[in-house]
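What follows is a single structure, written as structure tokens, with notes after it.
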Amino acid sequence: MPSARPVLLIHLFGLDNGMDLMGWTMVFKISQSSEIPAFLAMQVMDQANQMQAAGGDLVHLEVGQPSSPPPAAVCSALEASLGHIASHGYSVAMGNPALRQRIAEHYRDWYQISADWQKIAITPGSSLGFVIAFLSAFDKGDRIAIASPGYPAYFNSMRALGITPQLLPARAKQNWKPNLEALVADGDIPDGLLLASPANPTGVVMRDAELEAVCRWCDQHGVRLIMDEIYHGLSFNERAQSALAYTDKAIIVNSFSKYFCMTGWRLGWVVLPDDLVQTAERLAQNLYISAPTINQMGAIAAFDCYDELDAHIPRYQENRDLLYRGLPKIFLGDHAPSEGAFYLYADVSALTNNSVEFAGRLLAETGVAITPGVDFDSCHGNTHVRLSYAGSTEEMKKAVQRINAWFAKT
Ligand SMILES: Cc1ncc(COP(=O)(O)O)c(C=O)c1O
């Protein structure tokens, strides 16, 4: 619950007239809507970076960030754009038309879907894409159902916008899949549903038939689906289909951060349904004007680099296998196999019921940074931790060796 804050109003004329304020404590208002929890993964990363800067030997399994650089052709395109004067101003709010057309071609090439480039908006990271999705389709007080565990910024940014996250508890035993029929049975149908596949923090991937069923369920019940596809391209079995293949009512969110290895470029995109295009454009104009223009010019080349990017996937798979094989069984606990993204969500209930303290101790004593589950799950997060295997294979080996040595000692 946000705490109530007393606010002392000062009459400015009174001040001008020399009102004596000695002894008064001035308390300025801070919005209650911004009283959201911190994103712990980012805090752990900050702490680990500080330890590293002070000479520590750190292994970063805390943050979902590919260690590979952006594709070479993307960097060359960025350099070329520096000499091009048109790339130094704003783009139109929906984003560079050439990039949006290239994204539409990506839907044709990857998914055999025809997407209208004019319904694609380029956003500063998918993070702002979610804000556009939330603000364009929902009002304060609306409810959006989300699987828990789930990506913390979903819950937290919704709360900041006055939208209520309706948590759908998911468990490892059910392969972390939320039960939508329970919502119908309870007569508790939300205004929206947000799902991710491959998912963060669990790495589970929805089968195409499951995705199709979810899209039909949403259309049938008038529930606006927001589908987070930012880990597309990062699954170890067949390539996941886009929800765009099954419905034209959903908002599809994607990003250059993960498969394309461009986290710091802050570029994402949203494929909008017809009825939200103009609203989203107005929001983009007013919220951020445009995504970084120079980066948009560079990003066009990303879609010519599938081979270079696909070459990272066997490494992620090898990293995951190294962790599964090498970590103590008690550390992995009761888990569902990670089939994509680059996360493993471990049940450490046999070791702790305070994942923040556990992750802090592991960091301090071994230099291995992981993320406490409370970031993702307010109910069972204290008995879970997330490990990102997006880094190098050498890092995974180091992590396994250090964690085993730590267990041997404690
Ligand atoms: C599931 C999920 N969605 C969205 C994001 C936001 O990514 P970005 O803003 O870099 O596109 C992340 C980042 O880790 C994520 O894990």
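Please indicate, with yes or no, whether at least one residue in the range 145-156 is away from the ligand (no atom under 16 Å from the Cβ) and either in a loop (DSSP other than H, G, I, E, B) or surrounded by fewer than 24 Cβ atoms within 10 Å (Cβ to Cβ) (or both).
Looking through the range 145-156, none of the residues is away from the ligand (no atom under 16 Å from the Cβ) and either in a loop (DSSP other than H, G, I, E, B) or surrounded by fewer than 24 Cβ atoms within 10 Å (Cβ to Cβ) (or both).
List the pairs whose first member sits in the range 89-117 and is open to solvent by less than 70 Å² (accessible area, probe 1.4 Å), whose second member is of a type in the set (D, E), and whose Cβ atoms are under 8 Å apart, counting only residues at least 6 apart or on separate chains?
Sorted first by the residue in the range 89-117, then by its partner, the pairs are A93/E281; M94/E281; A104/D116.
Evaluate the following for T247: is it within 11 Å of the ligand (Cβ to nearest atom) and crowded, with 16+ Cβ neighbours inside 10 Å?
Judged against the criteria, T247 is not a match.
Name every residue in the range 115-144 that is farther than 21 Å from S33 by Cβ and either among the acidic types (D, E) or more than 11 Å from the ligand (Cβ to nearest atom) (or both), in order of residue number.
Result: A115, D116, W117, Q118, K119, I120, A121, I122.
For the range 195-210, name all the residues that are farther than 18 Å from Q220 by Cβ and outside any loop (DSSP other than H, G, I, E, B).
The answer is A196, D208.
Would you confirm whether or not the range 268-282 contains a residue that is of a type in the set (D, E) and within 30 Å of I370 (Cβ to Cβ)?
No, every residue in the range 268-282 fails to be of a type in the set (D, E) and within 30 Å of I370 (Cβ to Cβ).
Under the condition of being outside any helix (DSSP H, G or I), open to solvent by 70 Å² or more (accessible area, probe 1.4 Å) and under 25 Å from S255 (Cβ atoms), which residue from the range 23-66 is farthest from the ligand (Cβ to nearest atom)?
Residue satisfying both the conditions and the ranking: P37.
Away from the ligand (no atom under 16 Å from the Cβ) and polar (S, T, N, Q) - does that describe any residue in the range 259-266?
Taking every residue of the range 259-266 in turn, none turns out to be away from the ligand (no atom under 16 Å from the Cβ) and polar (S, T, N, Q).
Please state which of the following conditions D334 fails to meet, knowing it meets all the rest: (1) modelled with pLDDT under 95; (2) within 29 Å of Q118 (Cβ to Cβ).
(2)
Does the range 171-192 hold any residues that are within 15 Å of the ligand (Cβ to nearest atom) and either open to solvent by 60 Å² or more (accessible area, probe 1.4 Å) or not in a loop (DSSP other than H, G, I, E, B) (or both), and which are they?
If the condition is that a residue be within 15 Å of the ligand (Cβ to nearest atom) and either open to solvent by 60 Å² or more (accessible area, probe 1.4 Å) or not in a loop (DSSP other than H, G, I, E, B) (or both), then no residue fits.
The values are calculated or read from the model by the stated rules, or taken from the named source; none is laboratory data. Quick caveat: nothing in here was measured; it's all calculated off a predicted structure. Quick reminder, even Gly has a Cβ in these numbers, built from the backbone with ideal geometry, and neighbours come from all protein chains shown. In case anyone asks, the SASA skips ligands and DNA or RNA and just uses the protein heavy atoms, side chains included. Shrake-Rupley method; radii C 1.70, N 1.55, O 1.52, S 1.80 Å.
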